[in-house]
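Asker: I have a structure here, written as structure tokens, and I will follow up with some questions on it.
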Amino acid sequence: MKPSASIADTALPVYAPEVANEQFEPITIRMQRIAQDRPDHIALIAGEGGQTLSWRELMNDVNRLANRLVAAGITPGDKVAGLAENSIAYITLYLATLAAGGCMVPLSAMASGETLRLMIDDSDAKLLFVSNRNRALAEPIRDNLSNIPRENQLALDFEAAEWQNMAHWIGQNPDDSAPSVEITPDHPFNIIYSSGTTGTPKGILHDHRMRSRQIKRMGTYGLDGDAINLVSTPLYSNTTLVSALPVLAHGGTLVLMAKFNAHRFLELAEQYKVTHAMLVPVQYQRILAEPDFDTFDLSSFKLKLSTSAPLRSGVIAEAMRRWPGNIREVYGLTEGGISTSLDCAAFPDKWDSVGCATEGAEILTIDDEGNPLPTGEIGEIVGRAGAMMRAYYKREQQTADILWTSPEGKVFYRSGDMGRIDEDGFLYLLDRRKDMIISGGFNIYAEDLERVLLQHEDVSDVAVIGIPSDHWGETPLALVVPKTGAEINPEALRAWANERLDKAQRLAAVEFRNELPRSTIGKILKRELREPYW
């Protein structure tokens, strides 16, 4: 294998506040102990097929793969990329990479082949594991990866010509003892890539310190050894890791859905007596809209979590009435720093908010000049907390751009979201400073879509906005000013653009306009464009 092209990860800046008398134990060391203490307790359940793995079986498999990764040259800080849906094999790979001291790079199956290639190259990954469902996506880029030759591209769960199967790669007599690898809080844990069609997406680098603190905090919500957590969002999303990792770290059980389906979610929840789930708002809407929702026994639920977009108060009210267990809304960034939580049962009069700062976190709003604003004033939301990313991987300037330093010298992360904080400390989101669209729980940046549309010879001007969608929560709409004499129609332009966009970014519709409203300094007034739709 080629040596890692990465900068020294342990030299990257850390902005998270210090914690007095902080105790650190790597998650995989904790899980080794769990496998000894409760070997027969179920760790993983596959929603498709019903395969189960006990804690003893899971950690034996993790150790075998981790030792093979070490033998293949993976050392602390080295990157391992995975392109797969939620499965027992993929969870095993994720944990084995951590046990070997490596850094996991989970890739989005919604990305285009070229975007995947850019992310894999940017991450400096040494190995790539691909599932059968994603094989067709990986095939076209296999010979164009800068750092990963074909012999280091492995089939996670299938056998095929020109692919080396992972089980064969591990060998016939694997070592199932725990690997002897020292892991510190500064070691990288994972890189999660942002979406984007222009250039290489940013890699958000989390270290073990951040994940350890996050695990501790989420454990206070009951995500512990007694939890049965139904995981229905993908592992390349931080949303998933926020709830899945604490359950693993405490010895609980994960029920894995390879692909979300509202009816199947209800079936699994009833069958396995699920206690917890992390969902995005559109999933709540789809589940509650199931015609036979009320026929399922959901009495085992203790808590549902919601994140990625504000959960509307009407949805909260319906879920609290019809779905047993509390709801806790969580607001934050994949980058970390900003951390609020709303206990819906405790604060029914605050359902329009996203809660108040969690323990140890601070949130403020600032004006356009970066000055702190008083209570009630609308501004950009900034925050700092125990869980903060280490940096944007290999992007010093973009890392610097997200930082805001308070008059007291504290470093905060800028959210790009506009909001206000009431007199009780509850945060209300009002708008997205960068016009980000959240569709199905995934972030879509309007600028990326606009740049693609402006490449068309018949487009003079364009604005992309988010409009309501029963299916996705929000969906992108392009408002286009065509050039004089242009012959293309809106549907043809939509099809042309969607061929060049990632699946998660595709336009729901294109509408033609004679002009777009602009401010006196030339900025498109997107708030004005959105009003008729909302």
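Rule-based calculations on the coordinates, nothing more; no lab input. This structure is a prediction, so every number in the text was calculated from the model and none was measured. Heads up, the Cβs are rebuilt from the backbone with ideal geometry, glycines too, and the neighbour counts pull from every protein chain shown.
Asker: By its C-alpha gyration tensor, with a ≥ b ≥ c as the square roots of the eigenvalues, how is region 54-125 shaped: rounded for a/c under 1.5, else prolate for a/b larger than b/c, else oblate?
Answerer: oblate
Asker: With θ set to phi - 60° and the Karplus curve 6.51 cos²θ - 1.76 cosθ + 1.60, what are the ³J(HN,Hα) couplings of region 293-300 in order, to the nearest whole Hz, using x for Gly and Pro?
Answerer: 3, 6, 8, 8, 8, 10, 5, 6
Asker: Simple spin-label model, 7 Å along Cα-to-Cβ: ARG451 to ALA345 in nm?
Answerer: About 4.6 nm separates the two model spin labels.
Asker: Projected onto the charge dipole of the chain (+1 at Lys/Arg Cβ, -1 at Asp/Glu Cβ, origin at the Cα centre), which of PHE301, PHE158, LEU454 gives the Cα projection farthest towards the positive end?
Answerer: It is PHE158, whose Cα lies furthest towards the positive end.
Asker: Would you mind checking which residues have amide H under 5 Å from ILE204's amide H? H placed 1.01 Å from N; only 5 or more apart, or other chain.
Answerer: ILE192, TYR193, SER194, TYR393
Asker: What is the distance, in nm, between label points placed 7 Å from the Cα along the Cα-to-Cβ direction at ASP422 and at SER460?
Answerer: Using points 7 Å along Cα→Cβ, the separation is 4.6 nm.
Asker: To continue, here is another question. Could you check the spin-label model distance between SER299 and THR220? Points 7 Å from the Cα along Cα→Cβ, value in nm.
Answerer: Computed distance between label sites SER299 and THR220 equals 3.2 nm.
Asker: Order these peptides, 47-55, 27-35, by their mean beta-carbon neighbour count within 10 angstrom, highest first. Could you put the intermediate results ahead of the total?
Answerer: Details: 47-55: 16.4, 27-35: 19.3.
Listed from highest to lowest mean packing, they are 27-35, 47-55.
Asker: Please list, ordered by chain and number, the residues whose modelled amide H lies under 5 Å from the amide H of LEU44; skip anything fewer than 5 residues away on the same chain.
Answerer: Distant-sequence amide H within range of LEU44: LEU53, LEU254.
Asker: Apply the Karplus curve 6.51 cos²θ - 1.76 cosθ + 1.60, θ = phi - 60°, to the phi angles in region 56-68 and return the couplings in whole Hz, x for Gly and Pro.
Answerer: Taking θ as phi minus 60°, the curve returns 4, 5, 4, 6, 4, 5, 4, 5, 4, 5, 4, 5, 5 Hz for region 56-68.
Asker: Now for a different question. Placing unit charges on C-beta atoms (Lys and Arg positive, Asp and Glu negative, everything else neutral), compute the dipole magnitude of the chain about its Cα centre in debye, rounded to 20. All intermediate terms of the calculation are to be shown ahead of the outcome.
Answerer: On the way: 53 positive and 72 negative charges, 119 e Å.
Roughly 580 debye for the chain.
Asker: Another question, if that's okay. Show me the GluC sites (Glu not before Pro) within region 330-381 that DSSP assigns to loop and that have at most 16 other Cβ atoms within 10 Å of their Cβ.
Answerer: On the way: sites: GLU335, GLU359, GLU362, GLU369, GLU377, GLU380; in loops: GLU335, GLU359, GLU369, GLU377.
For GluC sites (Glu not before Pro) across region 330-381 that sit outside H, G, I, E and B with at most 16 neighbouring Cβ atoms in 10 Å, the list reads GLU359, GLU369, GLU377.
Asker: Could you tell me whether region 11-158 comes out rounded, prolate or oblate from its Cα gyration tensor? Rule is a ≥ b ≥ c as square roots of the eigenvalues, rounded for a/c under 1.5, then prolate if a/b exceeds b/c, otherwise oblate.
Answerer: Taking the square roots of the gyration eigenvalues as a ≥ b ≥ c, region 11-158 is oblate.
Asker: In whole Hz and in residue order, list the ³J(HN,Hα) couplings for region 317-333 that follow from phi through the Karplus curve 6.51 cos²θ - 1.76 cosθ + 1.60, θ = phi - 60°; x for Gly and Pro.
Answerer: 4, 5, 5, 5, 7, 10, 10, x, x, 7, 10, 10, 8, 10, 10, x, 10
Asker: Moving to a separate point now. What net charge do the residues around ILE42 carry, taking every other residue with its C-beta under 11 Å from that of ILE42, with Lys and Arg at +1 and Asp and Glu at -1?
Answerer: That works out to 0.
Asker: Still on this structure, I have one more. How large are Rg and Dmax for the chain when calculated on the C-alpha trace, in angstrom?
Answerer: 23.1, 74
Asker: When the helices in the chain are scored as -39500 (n - 2.57) per DSSP H run of 4 or longer and the sum is shared across all residues, what 222 nm value do you end up with, to the nearest 500 deg cm²/dmol?
Answerer: Helix contribution divided over all residues of the chain: -7500 deg cm²/dmol.
Asker: A further question follows. Hey, with R₀ at 56 Å, roughly what FRET efficiency would HIS41 and ARG500 work out to, going by the Cβ-Cβ distance, to 0.05?
Answerer: About 0.70, to the nearest 0.05.
Asker: Right, another one. With angles folded into 0 to 90 degrees, how steeply does helix 88-99 sit against the dominant principal axis of the chain? Use alpha carbons for both and round to 10.
Answerer: 80 degrees
Asker: Follow-up question, since we're still on this one. Once both axes come from the Cα atoms, what is the angle between helix 208-219 and the longest principal axis of the chain, in degrees from 0 to 90, rounded to 10?
Answerer: The answer is roughly 80 degrees.
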